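The values are calculated or read from the model by the stated rules, or taken from the named source; none is laboratory data. Quick caveat: nothing in here was measured; it's all calculated off a predicted structure. Positions of Cβ are backbone-derived with ideal geometry, glycine not excepted, and every protein chain shown enters the neighbour counts.
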Amino acid sequence: MYKALTALILSVSFPVFAETAISHIVVNQRWPWSEKVDVDFILSGETNDVEVTATWDAHPAPYRLGTLFSVAPGQRRLTWDPASSPFREQTLTGFTVSVSNAAASAHNYIVVDLVNGGYEFMAEPPSGGWTAEHKSSKMVFRRIPAGTYTLGEPVKTFSHLQHYNPGSVTTTNCNRRTVAFTSDFYVAIYKYTEAQHDCLSTGTAGTVYIPKTLSYNDLRGEKSSASGDWPTTGYKVAAESVVAKLREKAGADLVVDLCEEEQWEVAARANTTTFWPTGGTTGETFAAHTNQVNGFVAWYGSTGSTAQSAVGTKPDNGWGIYDVVGLAGEWMLDTARNTGPSTPLLGLPETSTDPTGAEGWSLRIVKSANGNGNNTALYDLLPCRRQMASPDSASYSTRFCIHLKPLGSLTFDGL
């Protein structure tokens, strides 16, 4: 058990921008010896990210206790649990806390270390671009800003699709709609790879960068297990699931899970208005799509076994996210009706705020399927494409999301 934290000293890092300030910082270890440390402060001015770091006698280099994202002005708290850190057996004397606000742009990317655990922030990709380690021993997430987004397909897209795929597209699957998110979130820039799965499973990163296909049950746990059913039980997952292992590496202050369906489409579209989020094909060249798709936009159709192509080898979208069309389909958190895969999906609402999807259905939503080899099946490649599948199917991959929402009692809005 820890001894009480001694010599608690407060050190304030003043913000760069005058309109934002942090004050009234108070640090306390909980009684009776719960080992948790509460850092309370007041943020005034504008909404900002807030970082809390500390040094102590045995660790003179700044150590990040945690980061609170998109913090609104007011009285706030970050709680740090040393027992969940690498310093479990240390007595933390000479403990000094520093609280500072940071611009969201400094946190454009979060890079999780799948070998040693922990994460780092990056404002931009490396000068030479992302490397093989970012598809194997690390996992990169791109920040998606809160806001209101237009999803679904415009009328022009419908007219082209109905010409080449009569009856394939309906408003229940691709309806134009408006979605608002009140919190930022992060989405992985690559689909989950074989190499990353090896790393989480064995501790040693693999060298195969194709999407890892596995069941929803493997990712989060079966409905009858401790994970329960999204969204009824929220972000709770089974102890031995892939998500649980990823959370262990990322750290307790990051809520890592699958994407919600509408989060995925926001990230996939990246505010683009062309047919494909990566650009390239336009309405005028839609009829001659085969070379455009196979040569530029995505791994699809006549490229052969598209799920077996490496991630990140086609252009990214406007937000630096790869393979949002093509390759293997991706599991979403959202449920789908349980009357069978052939039953049409319900249409998505025309307007929604922080949607979580329907409750209680036994199937799951799959996005961005790779198509069936038929070169006229363009619908398969649009970001609006929605399928549903049994959670025990091992035919799909995923890309993970960091939800900037509390997993437990890490943060709260007032004291």
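Quick look at the values:
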| quantity | calculated |
| --- | --- |
| Extreme residue, farthest from the chain's Cα centre (by Cα), among residues of segment 54-78 that are closer than 16 Å to Leu43 by Cβ and among the polar types (S, T, N, Q) | Gln75 |
| Restricting segment 360-394 to residues that are closer than 23 Å to Ala270 by Cα and at pLDDT 85 or above, the residue that is surrounded by the fewest Cβ atoms within 10 Å (Cβ to Cβ) | Lys367 |
| Only one of Ala72, Ala123 that is surrounded by fewer than 13 Cβ atoms within 10 Å (Cβ to Cβ) and touching a His at 6+ places or on another chain (Cβ under 8 Å) | Ala123 |
| Test: residue in segment 92-113 that is without any contact (Cβ under 8 Å) to a residue 12 or more places away in the chain and in the same structural domain as Val26 (by TED's automatic domain parsing) | no |
| Residue in segment 83-91 that is of a type outside the set (A, V, I, L, M, F, W, C), surrounded by fewer than 19 Cβ atoms within 10 Å (Cβ to Cβ) and at pLDDT 85 or above present | no |
| Top-ranked residue in segment 135-181 [being at pLDDT 65 or above and of a type in the set (D, E, K, R); ranked as surrounded by the fewest Cβ atoms within 10 Å (Cβ to Cβ)] | Arg176 |
| Helices (runs of 4 or more DSSP H) contained in segment 211-271 and holding at least 1 residues among the hydroxyl-bearing types (Ser, Thr, Tyr) | 216-220 |
| Any pair with Cβ under 6 angstrom, 6 or more apart, that starts in segment 309-338 at a residue that is farther than 17 Å from Glu124 by Cα and in contact (Cβ under 8 Å) with a residue 12 or more places away in the chain and ends at one that is outside any loop (DSSP other than H, G, I, E, B) and of a type in the set (Asp, Glu) | Met332/Glu261; Asp334/Glu261 |
| Test: residue in segment 307-317 that is closer than 26 Å to Ala180 by Cα and at pLDDT below 90 | yes |
